[in-house]
1. Report whether or not LYS81 is in contact (Cβ under 8 Å) with a residue 60 or more places away in the chain, out of contact with any Leu (no Cβ under 9 Å at 6 or more places or on another chain) and basic (Lys, Arg).
2. For the range 184-202, does any single residue satisfy the condition of being within 16 Å of CYS102 (Cβ to Cβ) and small (Gly, Ala, Ser)?
3. Would you mention how many residues in the range 67-91 are assigned to a loop (DSSP other than H, G, I, E, B) and under 20 Å from LEU188 (Cβ atoms)?
4. Enumerate the pairs (first residue in the range 28-47 and closer than 13 Å to ARG180 by Cα; second residue anywhere and among the hydroxyl-bearing types (Ser, Thr, Tyr)) with beta-carbon separation below 8 Å, excluding pairs fewer than 6 apart on the same chain, so at least 6 apart or on different chains.
5. Just to be sure before I move on: is LEU204 of a type in the set (A, V, I, L, M, F, W, C), surrounded by fewer than 15 Cβ atoms within 10 Å (Cβ to Cβ) and out of contact with any strand residue (DSSP E or B) (no Cβ under 9 Å at 6 or more places or on another chain) in the structure I sent?
6. Within the range 104-122, work out how many residues are at pLDDT 95 or above, over 15 Å from LEU157 (Cα atoms) and surrounded by fewer than 23 Cβ atoms within 10 Å (Cβ to Cβ).
7. I'm trying to understand the selection: among the residues of the range 1-27, which are in contact (Cβ under 8 Å) with a residue 12 or more places away in the chain, closer than 17 Å to ALA43 by Cα and more than 16 Å from the chain's Cα centre (by Cα)?
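The values are calculated or read from the model by the stated rules, or taken from the named source; none is laboratory data. These numbers come from a predicted model, not from an experiment. Backbone-built Cβ (ideal geometry, glycine too); neighbour counts: all protein chains shown.
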Amino acid sequence: INRPEVRNAFRPLTLSELMDAFASAREDREVGVIILTGEGTEAFCSGGDQRVRGEGGYVGDDGVPRLNALDLQRLIRTLPKPVVAMVAGYAIGGGHVLHLICDLTIAAENARFGQTGPRVGSFDGGFGAGYMARIVGHKKAREIWYLCRQYDAKQALDMGLVNEVVPLERLEETTVQWCREILANSPLAIRCLKAAFNADTDGLAG
């Protein structure tokens, strides 16, 4: 996500471009694992760009209010290849849900996680609620949503939101190493395992 001037917040065009990129990676036989990250060290993704949010949703260049976040989430989950979130800085709001639905998350020590939706009258009634509760437990998920607090990388690791926390300067190196370890295994086995893991929670899409 290359919008560092707004902490990599997404707008409708951003989501369309991400879906195109994932669709391309899906068909590319040279791609075995996909890394999702944000430009710079300040933010992975800060959710929807509030500058284009209207009464009916987030308004794209065509003037139509929409934000197809669920379409992107479903695409990531149905990809037959693992998607690894590489998180530096803020993973907030929709950006927090975005890393959550990836297969794995490697976080830098400066990463910050949390939801902000209820502060602006927004929420995620799909994976952002139900799937999060499966990962951290219902009580903790409600805390994250109801209180809109932020959590540091160690807290996220303790909750099971991320797989590993490393110094910022080692983030890319570590993420690539995890991907190489995955690539050393059977692609068919990984594909079937991903489908099996997700089958249990597909109904949480909302």
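1. Details: in contact (Cβ under 8 Å) with a residue 60 or more places away in the chain: yes; out of contact with any Leu (no Cβ under 9 Å at 6 or more places or on another chain): yes; basic (Lys, Arg): yes.
So LYS81 passes the test.
2. Yes, because at least one residue in the range 184-202 is within 16 Å of CYS102 (Cβ to Cβ) and small (Gly, Ala, Ser).
3. Here is the first cut: in the range 67-91, the ones assigned to a loop (DSSP other than H, G, I, E, B) are 67-68, 79-82, 88-89.
If we keep only those that are under 20 Å from LEU188 (Cβ atoms) as well, we get 79-82.
Residues meeting the conditions: 4.
4. As it stands, the answer is ILE35/THR175, since those pairs meet every condition given.
5. Numbers: of a type in the set (A, V, I, L, M, F, W, C): yes; surrounded by fewer than 15 Cβ atoms within 10 Å (Cβ to Cβ): no; out of contact with any strand residue (DSSP E or B) (no Cβ under 9 Å at 6 or more places or on another chain): yes.
Judged against the criteria, LEU204 is not a match.
6. Filtering the range 104-122 for residues at pLDDT 95 or above gives 104-115.
Still in the running and over 15 Å from LEU157 (Cα atoms): 115.
Retained after the next criterion (residues that are surrounded by fewer than 23 Cβ atoms within 10 Å (Cβ to Cβ)): none.
Looking only at that region, the number is 0.
7. PRO4, VAL6
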